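Peer 1: Got a structure here, written out as structure tokens. Questions coming.
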Amino acid sequence: MANEKRKNLTPVQQEYHLFEKERETKRPLFKNCVRAFLVGGLICVIGQAVSYFYMYFFDFTEQTVGNPTVATMVFISMILTGIGVYDRIAQFAGAGSAVPVTGFGNAVISAAIEHRTEGFVLGVGANMFKLAGSVILFGTFAAFVVALVKTILIQWGGLG
Amino acid sequence: MLKKLFLVLFIFSILFGCAKEKENQQQSLQNFNITRTSTKETADAHLNQTAAKQAVQRISQKREVKDVVAVNTKKKLLLAYQVKHLQRFRMKQIEKEVKEELENLFPDYDVIISSDMKLFWKTEELKRKLSKDGINEKEVNKQIKKLEKLSNELT
């Protein structure tokens with residue numbers, strides 16, 4: 001808790017805060033980081049293998065192979081979420097499984113499963129993009145801002 | 001019992017494998033002789049790869065470049081290269097340098113360059129086909145055109 005906030009607390013509350021802090025189980029930060037790194041890296045290795053697969057067997061170049069690779073990875077994670085495997089991976093890896101694009105597929109399908117009991121229209125349809133919607137919105141918006149900055153830099157800054 | 005079966009299978013596979021290899025070898029040797037004595041020479045004269053070889057030699061001297069492969073026809077020169085991993089930050093600049101150098105070196109050729117992995121594989125394949133099977137110039141031109149189109153795709 002921030003220091004300014006703690007000043008407003010009564011002495012008893014402050015005492016309790018210290019008491020609580022002592023007994024609180026520590027978050028295994030380092031271990032979580034290592035796990036996220038390893039599993040996230042593994043997902044990226046699989047993605048690289050998929051993209052090489054597309055480049056080798058189909059007419060994709062390094063430039064164009066991104067789209068089918070992302071689609072495949074999202075599709076795989078959707079299936080894994082549906083059969084309940086991805087939850088276990090996420091439990092173990094944390095951010096390592098949520099930050100790569102596979103986390104997007106997981107967010108869509110888990111919301112769809114969760115609201116299945118409320119019916120197709122108001123349940124699945126309305127809630128499917130509950131979490132993924134913000135990914136799409138802010139992804140698009142961030143892309144817009146970056147494109148704007150780049151355009152300004154190139155047009156007036158003489159960059160590139 | 002199982003061990004014996006495996007042994008027999010093993011021996012058979014070796015025998016058949018080797019037999020086939022020898023046959024292949026003989027065939028390719030025969031091909032070699034036939035092509036040497038007949039039509040191949042005229043085809044070779046049309047498609048001599050000196051420009052490609054020169055280009056490969058020149059570009060592979062660059063510090064940033066890991067591997068180069070090139071194929072040329074009478075009018076076109078297709079060169080694909082791979083950039084060392086940490087130099088990939090300067091990809092655009094390297095591409096510009098390579099293009100300029102090649103255009104200065106071969107002013108009468110239409111120079112197509114690419115640092116793409118796919119293009120590298122495909123050019124290598126084309127080169128192998130050219131030296132082994134001796135496909136004709138029309139076919140090579142068609143392939144190069146296809147690769148040029150592929151390298152210009154963005155999405």
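Peer 1: With every protein chain kept in place and ligands, DNA and RNA left out, what is the accessible area per residue of the stretch A:10-148? Probe 1.4 Å, answer in Å².
Peer 2: 69
Peer 1: On to the next question. How big, in percent, is the set of alpha carbon pairs in the stretch A:28-129 lying more than 18 Å apart?
Peer 2: The share of Cα pairs beyond 18 Å in the stretch A:28-129 comes to 54 percent.
Peer 1: Would you work out the charge dipole size for the stretch A:35-139 about its Cα centre, treating the Cβ of every Lys and Arg as +1 and the Cβ of every Asp and Glu as -1, and quote it to the nearest 20 debye?
Peer 2: The dipole of the stretch A:35-139 has a size of about 240 debye.
Peer 1: In whole Hz, with x marking every Gly and Pro, tabulate ³J(HN,Hα) for the stretch A:101-110 from phi via Karplus 6.51 cos²θ - 1.76 cosθ + 1.60, θ = phi - 60°.
Peer 2: My calculation for the stretch A:101-110 gives 4, 5, x, 5, x, 4, 5, 5, 6, 5 Hz in order.
Peer 1: Ok, one more. What percentage of the solvent-accessible surface of the stretch B:59-155, computed with a 1.4 Å probe over protein heavy atoms, is contributed by carbon and sulfur atoms?
Peer 2: 47
Peer 1: Which value in Å does the Kirkwood hydrodynamic radius of the stretch B:44-152 take, with 1/r averaged over all unlike C-alpha pairs and then inverted?
Peer 2: Result for the stretch B:44-152, one decimal place: 13.9 Å.
Peer 1: Please give every one of the aspartates and glutamates within straight-line cross-link reach of B:Lys96, meaning a C-alpha to C-alpha distance under 14 Å, and leave out same-chain neighbours fewer than 8 residues apart.
Peer 2: B:Glu64
Peer 1: Given H placed on each backbone N at 1.01 Å, which residues far from B:Lys76 in sequence or on other chains put an amide H within less than 5 Å of it?
Peer 2: So B:Lys76 has HN proximity to B:Asp110.
Peer 1: Which whole-number percent gives the relative contact order of the stretch B:44-152, counting Cα pairs below 8 Å spaced six or more residues apart?
Peer 2: Result for the stretch B:44-152 is 26 percent.
Peer 1: Among rounded, prolate and oblate, which fits the stretch A:1-80 when a ≥ b ≥ c are the square roots of the eigenvalues of its C-alpha gyration tensor, a/c under 1.5 means rounded, and a/b larger than b/c means prolate?
Peer 2: prolate
Peer 1: Helix A:132-157 versus the longest principal axis of chain A: what is the Cα-based angle in degrees, 0 to 90, to the nearest 10?
Peer 2: Tilt relative to chain A: about 70 degrees.
Peer 1: Additional query: Going through the cross-link list A:Lys26/A:Lys130; B:Lys62/B:Lys127; A:Lys31/A:Lys130; B:Lys84/B:Lys138, which pairs have a Cα-Cα distance over 26 Å in this structure?
Peer 2: A:Lys26/A:Lys130; A:Lys31/A:Lys130; B:Lys84/B:Lys138, as the Cα separations exceed 26 Å there.
Peer 1: Another question about this same structure. Which value, in square angstrom to the nearest 100, describes the accessible area buried between chains B and A on both sides, using a 1.4 angstrom probe?
Peer 2: For B against A, buried area totals roughly 1000 Å².
Peer 1: Rounded, prolate or oblate, given the Cα gyration tensor of the stretch B:105-155, with a/c below 1.5 counting as rounded?
Peer 2: oblate
Peer 1: Now a separate question. When Lys and Arg each count +1 and Asp and Glu each count -1, what net charge do the other residues less than 15 Å away from A:Ala111, Cβ to Cβ, add up to?
Peer 2: Around A:Ala111, the charge tally is -1.
Peer 1: Kindly write out, for the stretch B:53-67 in residue order, the coupling ³J(HN,Hα) from the Karplus curve 6.51 cos²θ - 1.76 cosθ + 1.60 (θ = phi - 60°), rounded to whole Hz, with x marking Gly and Pro.
Peer 2: With coefficients 6.51, -1.76 and 1.60, one gets 5, 4, 4, 4, 4, 5, 6, 5, 6, 5, 5, 7, 9, 8, 7 Hz.
The values are calculated or read from the model by the stated rules, or taken from the named source; none is laboratory data. Every value quoted in this text rests on a predicted model; they were computed, and no experiment measured them. For neighbour counting, all protein chains shown are included, and Cβ atoms are generated from backbone atoms with ideal geometry for every residue, glycine included. Quick note on the areas: whole protein, heavy atoms, side chains included, nothing else; ligands and nucleic acids left out. Shrake-Rupley method; radii C 1.70, N 1.55, O 1.52, S 1.80 Å.
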